[in-house]
1. Considering only residues that are part of a helix (DSSP H, G or I) and within 15 Å of the chain's Cα centre (by Cα), look in segment B:86-102 and name the one that is nearest to B:Cys43 (Cα to Cα).
2. Filter segment B:124-153 down to residues that are more than 8 Å from every other protein chain (Cβ to nearest Cβ), closer than 21 Å to B:Gly91 by Cα and touching a residue at least 12 places away in the same chain (Cβ under 8 Å), then give me how many there are.
3. Look through segment A:113-148, keep the residues that are of a type in the set (Lys, Arg) and at pLDDT below 95, and return whichever of them is farthest from B:Val185 (Cα to Cα).
4. Looking at segment B:13-23, can you tell me whether even one residue there is surrounded by fewer than 21 Cβ atoms within 10 Å (Cβ to Cβ), at the interface with another protein chain (Cβ under 8 Å from one of its Cβ atoms), more than 20 Å from B:Gly91 (Cβ to Cβ) and without any contact (Cβ under 8 Å) to a residue 12 or more places away in the chain?
5. Taking A:Val106, is it in a loop (DSSP other than H, G, I, E, B) and either at the interface with another protein chain (Cβ under 9 Å from one of its Cβ atoms) or more than 30 Å from B:Arg144 (Cα to Cα) (or both)?
6. What residue, among those in segment B:220-242 that are crowded, with 19+ Cβ neighbours inside 10 Å and under 19 Å from A:Met156 (Cα atoms), is modelled with the lowest pLDDT?
7. So in segment B:26-50, with the set limited to residues that are part of a helix (DSSP H, G or I) and surrounded by fewer than 22 Cβ atoms within 10 Å (Cβ to Cβ), which one is farthest from the other protein chains (Cβ to nearest Cβ)?
Amino acid sequence: MTVNRAGPRSASVSPADRIRGVEGLDPELCFSCHKCSSGCPVADDMELAPHQLVRLVTANLEEEALRSSGIWLCTSCQTCTTRCPNGVDVAGVIDALKQRAAASGVKPRDGRVLAFYRAFLNEVRARGRVHEMALIARYSLGARRLPTDIRLGARMVRMGKISLARPKKAATGELRHLFERAKGK
Amino acid sequence: MTAFSYYPGCSLHGMSREYDASTRAVYGALGIDLRELTGWTCCGASAAHSLDPALAVALAARNLERAEAEGAYLVAPCAACYHRLKVAERGSSSRVTVLHALDVASSPETLGRLRESLQRPLNGLKVVCYYGCLLVRPPELTGRADYEDPQSMDQVMSAVGAQVRPWSFKTDCCGAGLAVARPDVVRRLSSRLVEMAREAGADCIVTACPLCQTNLDTRQDGAGLPVMYFTELLACALGLEGTESWWRRHMVNPAPVLAKAGVL
């Protein structure tokens with residue numbers, strides 16, 4: 001099989017530009033074959049399936065896509081991107097939608113995944129590495145909810161899978177600068 | 001002794017310490033020196049590329065830069081870390097090549113060493129190999145031609161004598177990082193994979209990623225099907241000591257299945 005895809009994406013391009021189709025993220029190439037949605041493991045849980053999200057972007061209706069909870073269900077498994085016959089980086093388009101929704105403060109109908117990602121990055125920024133117990137605590141506070149699987153979590157703590165002792169921090173000063181630089185872009 | 005720079009990632013220092021321990025034990029026994037990258041930090045995983053395009057690359061790239069001084073290869077046992085480090089590698093002028101631990105294990109040289117060092121062939125054990133997503137996709141990033149039906153783990157398991165069963169779910173998604181925020185979705189995806197593995201006649205599922213292993217091990221229904229790291233099974237095949245402490249870290253204890261297959 002021929003893999004025909006454009007080159008590396010640049011980190012400095014704004015999410016809006018990326019959605020519009022520079023550097024390998026050209027949703028205009030979509031001819032709605034639905035192959036992305038057929039292979040998507042979570043399409044059934046999304047109110048807008050991947051091909052519909054791409055369509056909204058090409059029709060300049062991405063506001064609707066940004067509010068969709070479905071973008072936050074994307075596991076970034078890359079099946080859509082890999083199978084698109086026209087080389088649309090569908091997972092990349094959905095990433096760009098998530099990034100734009102998060103940056104513009106659009107509240108998803110279901111905010112759990114966004115809250116989890118925020119908690120994750122806060123943990124990385126504070127500690128350099130992710131400590132699972134601390135991540136779950138941050139998420140619970142941020143999402144204002146107890147984790148769904150408390151029993152499973154308790155069992156994992158008892159087994160020693162989830163450790164209560166916090167590991168040492170790594171390179172946090174350096175990471176703080178890195179986060180600040182990213183914010184400035 | 002071949003030396004590689006080693007990026008364990010957060011999970012291997014946390015929930016999946018048995019993957020770290022078995023990786024070090026097996027590669028050490030095969031004469032492959034894994035040198036942990038000093039001062040490594042989180043690759044950013046799904047959170048970074050979902051929220052911030054700059055962080056998505058910068059968090060992983062920082063580790064790649066550190067690896068420059070250490071050697072030509074950086075080995076990651078986690079498929080998600082591997083993927084993010086690969087993205088950083090693609091966008092940089094770094095001379096470092098990022099490899100997944102399975103790439104090292106499935107090289108012709110290592111396969112040869114595995115066959116030579118084999119102490120307890122896994123002949124009685126029927127396995128399915130589960131690769132998951134980011135180890136193989138997207139192919140222009142991973143460089144894998146067989147991304148719909150990958151073979152490297154099959155080759156490694158066959159080299160130590162396991163009966164590798166064919167199945168169609170090698171690269172279907174387990175739900176990855178949604179486990180905390182959307183356990184309902186992860187349970188649906190993971191329990192189906194376990195069900196299909198059982199239907200394929202497997203005694204256990206073999207994985208090469210801490211997220212895959214944890215999701216399949218913790219979110220399955222019915223009588224438990226053990227979910228192993230490929231390195232744990234290699235340790236058994238090489239007759240290495242100290243494996244019992246790993247089984248206690250599995251939700252579904254693999255010891256009975258391994259004993260029944262004559263592996264322990």
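1. B:Ala101
2. Summing the residues that are more than 8 Å from every other protein chain (Cβ to nearest Cβ), closer than 21 Å to B:Gly91 by Cα and touching a residue at least 12 places away in the same chain (Cβ under 8 Å) in segment B:124-153 gives 4.
3. A:Arg144
4. The answer is yes; a qualifying residue exists.
5. In short, yes.
6. Checking each candidate, the answer is B:Gln220.
7. Once the filter is applied, the top-ranked residue is B:Ala29.
Yes/no per residue for (1) within 11 Å of another protein chain (Cβ to nearest Cβ); (2) modelled with pLDDT of 90 or more; (3) exposed (fewer than 14 other Cβ atoms within 10 Å of the Cβ):
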| position | (1), (2), (3) |
| --- | --- |
| A:Thr2 | yes, no, yes |
| A:Arg20 | no, no, no |
| A:Leu29 | no, no, no |
| A:Trp72 | yes, yes, no |
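The values are calculated or read from the model by the stated rules, or taken from the named source; none is laboratory data. These numbers come from a predicted model, not from an experiment. Positions of Cβ are generated from backbone atoms using ideal geometry, with glycine treated the same way; all protein chains shown enter the neighbour counts.
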